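The values are calculated or read from the model by the stated rules, or taken from the named source; none is laboratory data. These numbers were taken from a predicted model, which means no experiment stands behind them. So basically every Cβ, Gly included, is an ideal-geometry build from the backbone, and we count neighbours across all protein chains shown. Calculation scope for accessible area: heavy atoms of the full protein, side chains included, ligands and nucleic acids excluded. Shrake-Rupley method; radii C 1.70, N 1.55, O 1.52, S 1.80 Å.
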Amino acid sequence: MITATNLFIQYGNRVLMDDLNLVLQSKDRVGLVGRNGAGKSTLLKILAGHLVPDGGNITRPSESTLGYLHQDMVLPRGRTVLEEALTAFEAAKAMERRLIEVHDQIATRTDYESASYLALLEENAHLNDQYELVGGAAMEANAEKVLKGLGFKQSDFNRQTTEFSGGWQMRVELAKMLLQKPDYLFLDEPTNHLDIESIIWLESFLKDYPGAIIVISHDRTFLDNVTTRTVEIEAGNLFDYKAPYSKYLVLRAERREKLQSSYENQQRVIAQKERTITRFMAKASKTKMAQSMQKQLNKMERIELDDVDTTSMLIRFPPAPRSGEIVLEAHKLSKHYGALTVFDGVDMKLDKGDRIAFVGQNGQGKTTLARILVRDLAATKGDVKWGHNVHIGYYAQNQSETLSGNLTVLQTIEQASPPEMRPRLRALLGAFLFSGEDVDKRVSVLSGGERARLALASLLLKPINLLLLDEPTNHLDMLSKEVLKEALIKYDGTLIVVSHDRGFLAGLTNRTIEFRDHHIKEYLGDVNFFLEKRALSDMREVEMRTNSKPGPSAAPKRELSHDERKKITRAVAQAEKKVERLEAEIAGFEALLADPVFYGRPDAQKQLQAYQDAQKALEVAFAEWEEADKEMKELL
């Protein structure tokens, strides 16, 4: 159990946390929520021991383990993806090395009756139990399973981690933590760099996680599927709800409504008493009574309303100019970078009023196609024909990062503004929460969320009828995402959205285009319809593979990759080695049991039980070896 008591944090004149208390039980599933800048990441750093509060205490069991995934992690250089993931098993590897030493000694020593030999047998049995408990025998298979779940391909395993972007390196770090299975798992925006498939896989993994989890996320669906408790930080205070995110919203609204009602009732009572006291004080005969009433009023525990930040963006896209019925048509589009094929032979038609979501694994070409469609990138092959009077608005995935840090907020939007909009720029910035002196801030000092709001504001400067947004919700808090989604629902032009946020996409689009294996596939529905159809399709594929039996017309065996061949032969070698170790262990026991004096020893029963356990383990090991050998003969 982790306990935080009377936490206090202050930055300059701003109190970020004031006397906060929190208890985290060993099986809790907590979503940590609040507006950007409320202190969520700060609280996580304090709980993880990475930051010391100005006041208060943190207690955690000394023997417990903790994993903390944050946005500033850097992987060491010089390892492949698989090698880095396997560093999660350092304890298991140390056991494995010691087991090899112990087995070698058991196999070569003949002093079967000595105390040191018995101690060696006991250590061997204990190490075997612990090795199995930590998953040592299956550590490579488990590492590959988790890496694939997070989106890595088999061909990625032997590539250096430095060959990957920061987002993919973050996935390696996440894989290590999931494999380590610490008692307390702290995740700060774990879905930021994941695609929909990887997010769904992570949800499934975390549902069965044996320890406690605290997660910061702006993905509403992810929070609903993973957490059972929501902790909100608001204006320096902490509010704890025993419910996932969507239920928390309902409970919070009910709590605030009741608090508002109680506050108003109390204010009426106070006003009435104050009027009575004033009237009585004017009469000498009732002064004493008035003074008594005033004392009672002073002792009354006053209800205070939460200092809630309800400010939000005010987004309304201008009416879309009239365009032709066909907005664009793409024919046989292909994009290659040298030998790398991003996609090939893509056909696509966009009609006026279409609302499309681009989904699929990272690296499949969603952003690349988006850039081609908005004339920001040339295709290798194929062509795009744009319809009549098409005016494009484009929000790039890194749009906020391309803003000039030397300019102020006002200067940035003035550069992008047509002359007729200049008188209304300050009002527009105010709608995006830049008011007063905020407009004179340099872009370089803005937070990620502030930069995203500024980039979105630029889209409202000119009327557009084709709006393409690539990951627009990055850096936006929950409330800002809801405001943006509502504005997009009301937008009357043609829309394309690239996003991994299922909650944001749900109900927003009526066509979903999946990018997969260098091609696209269209689904006539929103993201939930797509996920439902994909799940059914995947189930059918599994059933076909399960029910298919090889016959005279069976297809030829698939050519195995070098890594697959290596994995199969390694499995056979490991099985053989396990059989040899157990046979040597049993031989040592049998030599010990052959001595009649042994049966008078106080630990005789314990050694007999260990001997029987080793015999059973040998039977299992033989079966594993036979299965691995059979698979090798069938596939190689």
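What is the one condition in (1) under 30 Å from LYS349 (Cα atoms); (2) in contact (Cβ under 8 Å) with a residue 60 or more places away in the chain; (3) aliphatic (A, V, I, L, M) that LEU476 does not satisfy?
Going through (1) under 30 Å from LYS349 (Cα atoms); (2) in contact (Cβ under 8 Å) with a residue 60 or more places away in the chain; (3) aliphatic (A, V, I, L, M) one by one, LEU476 breaks only (1).
Yes or no: segment 312-328 includes at least one residue that is without any contact (Cβ under 8 Å) to a residue 24 or more places away in the chain, among the small types (Gly, Ala, Ser) and surrounded by 14 or more Cβ atoms within 10 Å (Cβ to Cβ).
no
Across segment 77-86, what is the total count of residues that are in a helix (DSSP H, G or I) and surrounded by fewer than 16 Cβ atoms within 10 Å (Cβ to Cβ)?
So the answer is 1.
Name the residue that is nearest to VAL497 (Cα to Cα), counting only residues in segment 324-370 that are touching a Leu at 6+ places or on another chain (Cβ under 9 Å) and among the acidic types (Asp, Glu).
ASP354
Does any residue of segment 581-589 turn out to be at pLDDT below 75, within 21 Å of ALA125 (Cβ to Cβ) and in a helix (DSSP H, G or I)?
Checked against the condition, which is being at pLDDT below 75, within 21 Å of ALA125 (Cβ to Cβ) and in a helix (DSSP H, G or I), segment 581-589 yields no hits at all.
Output the residue which, of all residues in segment 473-499 that are of a type in the set (D, E, K, R) and out of contact with any Pro (no Cβ under 8 Å at 6 or more places or on another chain), is most open to solvent (accessible area, probe 1.4 Å).
Selected residue: LYS490.
Pick from segment 246-298 the residues that are closer than 30 Å to PHE504 by Cα, in contact with a Phe, Trp or Tyr (Cβ under 8 Å, 6 or more places away or on another chain) and not basic (Lys, Arg): which of them is least open to solvent (accessible area, probe 1.4 Å)?
Step by step, filter segment 246-298, then rank; the result is TYR248.
For the structure I just gave you, tell me whether GLY37 is in contact (Cβ under 8 Å) with a residue 40 or more places away in the chain, closer than 29 Å to ASN474 by Cα and either in contact with a Leu (Cβ under 6 Å, 6 or more places away or on another chain) or open to solvent by 30 Å² or more (accessible area, probe 1.4 Å) (or both).
The answer is yes for GLY37.
Enumerate the strands (runs of 3 or more DSSP E) found wholly within segment 331-387, keeping only those where 2 or more residues are aliphatic (A, V, I, L, M), open to solvent by less than 40 Å² (accessible area, probe 1.4 Å) and in contact (Cβ under 8 Å) with a residue 40 or more places away in the chain.
It comes to 340-351, 355-360.
Just name the residue that is nearest to the chain's Cα centre (by Cα) out of those in segment 6-21 that are under 21 Å from THR230 (Cβ atoms) and open to solvent by 20 Å² or more (accessible area, probe 1.4 Å).
Across segment 6-21, the extreme among qualifying residues is ASN21.
Identify all residues within segment 593-616 that are open to solvent by less than 40 Å² (accessible area, probe 1.4 Å) and at pLDDT 75 or above; write none if there are none.
Listed by number, the residues that qualify are ASP603, ALA604, GLN607, ALA610, TYR611, ALA614.
Any chance you could count how many residues in segment 42-55 are surrounded by fewer than 18 Cβ atoms within 10 Å (Cβ to Cβ) and either in contact (Cβ under 8 Å) with a residue 40 or more places away in the chain or in contact with a Ser or Thr (Cβ under 6 Å, 6 or more places away or on another chain) (or both)?
So the answer is 2.
Right, GLU304: of a type in the set (Asp, Glu), under 29 Å from ASP18 (Cβ atoms) and modelled with pLDDT under 85 or not?
In short, yes.
Given the condition more than 17 Å from ILE213 (Cβ to Cβ), modelled with pLDDT under 90 and either of a type in the set (Phe, Trp, Tyr) or in contact with a Ser or Thr (Cβ under 9 Å, 6 or more places away or on another chain) (or both), answer yes or no: does some residue in segment 94-101 qualify?
no
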